[in-house]
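What follows is a set of notes on a single structure, which appears directly below.
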Amino acid sequence: MASTERALTTESADTAQRHLEELVAANDSIKLVVLTSGDGVEIAAHPKRHVGLTQRIAAMSSSIQALAAA
């Protein structure tokens, strides 16, 4: 499998980030959202100021995906 970090363009990540911001703006109840690739790489997150937290969520996402595939 090709690395998502190389395959995902900056433009695609920026587009994903804008979509997350729109989603959050339209839904006051959303406090944290992280979009990850199939291999658990963080693509976009909100809020951006919680970098350590969003990286942990991305890692958990990767683990959950692996468990689901097992």
5 angstrom amide H check on V33, placed H, neighbours 5+ away: H46
The range 17-70: relative contact order in percent, alpha carbon pairs under 8 Å with at least 6 residues between: 32
Apportionment of accessible area to carbon and sulfur, the chain, percent (1.4 Å): 57
Net +/- balance of residues flanking A16 in space, Cβ distance below 13 Å, scoring K and R +1, D and E -1: -3
Average accessible surface area per residue within the chain, 1.4 Å rolling probe, Å²: 71
Charge dipole of the chain about the Cα centre (unit charges at C-beta), most positive-ward option of V51, A69, L35: V51
Acute angle (nearest 10 degrees) that the helix 10-26 long axis makes with the longest principal axis of the chain, alpha-carbon atoms: 50
Trypsin sites (Lys or Arg not before Pro) within the range 16-70: DSSP coil, no more than 16 neighbouring Cβ in 10 Å: K31, K48, R49
Only Lys, Arg (+1) and Asp, Glu (-1) charged, at Cβ; the chain dipole about Cα centre in debye: 220
Mean residue ellipticity (222 nm) of the chain, computed from DSSP H runs ≥ 4 via -39,500 (n - 2.57), nearest 500: -18000 deg cm²/dmol
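The values are calculated or read from the model by the stated rules, or taken from the named source; none is laboratory data. Because the structure is predicted, anything quoted here is derived from the model rather than measured. Don't worry about glycine lacking a Cβ; one is built from the backbone with ideal geometry, like all the others, and counts go over all protein chains shown. We work out accessible area using only protein heavy atoms, side chains counted, and drop any ligands, DNA or RNA first. Shrake-Rupley method; radii C 1.70, N 1.55, O 1.52, S 1.80 Å.
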